[in-house]
Every structure is written in structure tokens, then in C-alpha cells.
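For reference, the structure discussed in these notes is given below.
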């Protein structure tokens, strides 16, 4: 049972981190076009992929991780690498819920409302985009740090 839970946990981490990384990639790719229609379409896809991959990945990571820890005999709050990883994962969730997700919607809606690239409010887009990238980096780096802790299991 432990190995099955661990397998689900690792697969969920791959799904979760992979979706975050590809979202950052596709946003950068769309930004290079300087076409508001492509940017809006890209953010629509990122938002949809968060619903389909990131959020279910979070649920699977938590359930399978807690299950594996329980079955494996790990005391969650007495095992430094587990609770530190949980804190880092929580920071990622807070960054996503309070900054990344709302900014994605604002950026998408701003791009959707543009008629042509010449009419687009690039100043606002660039300001919001830098915020999205900052909080997105936090939402990515904290679970990567948690992954490092989970693999290396420092004492």
C-alpha cells in the first residue's frame, strides 16, 4: 500500500509541477507575439489547465502524501522534511490563490477586451504580467524546494 501511495504521490507531483512550468512557458511564448488575441487564448488555456491538472494535482499530492506518511509510519509533525515541505506547499497554494489565479483572469480579460495590438494597454499588461511572473515563480519554487526535501529527506 505504501508503494502505491508513493507512486500516486510522485505522479501527482509530476503533473502539478509540469503544468506550472508549461504555463510559464506558454505565457512567455504568447507574450513574444505581442498579439492580445493570442495572449487571451493562452491565458484561457492556462486557467483551464489549472482546473484540469494543477488543482487535482494538489488534492492527489496531499491525500497520497498524507496516506503514504501514515502507512509508512512517519510522524508528520515530528519529521522535519515532511512538515517543512507542507509549509512550502502551503506557501505555493497561498501565492496561487491570492495572486497568480486572480492575475491570470485579469490578464486574460484585459487581453480579451483589446481590439487590436495598437489599442492594447501594454503598460497595465506589463505591470500585471511582472506581478504574475513574480508570484508564479514563488508558486513554482516553493514546491520544487518541497520536492528536494522529499527526495533528500534531510535530518
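Derivation of every value follows stated rules applied to the coordinates shown; laboratory data play no part. Everything quoted here is computed from the prediction, not taken from an experiment.
Quick look at the values:
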item: Spatial separation of Cα centroids for the range 77-155 and the range 1-54, in angstrom; result: 11 Å
item: Between 0 and 90°, nearest 10: helix 55-71 axis offset from the chain longest Cα axis; result: 10 degrees
item: (1) 11, 38, 26, 16, 8, 2, 0; (2) 10, 35, 30, 17, 6, 2, 0; (3) 10, 40, 39, 11, 0, with the label sought being that of the calculated P(r) over Cα pairs in 10 Å bins from 0, in percent; result: (1)
item: Value at 222 nm in deg cm²/dmol, rounded to 500, when DSSP H runs of n ≥ 4 in the chain each add -39,500 (n - 2.57); result: -27000 deg cm²/dmol
item: Highest-fluctuation residue, 59, 118, 95 considered, GNM on the chain with Cα pairs under 10 Å; result: 118
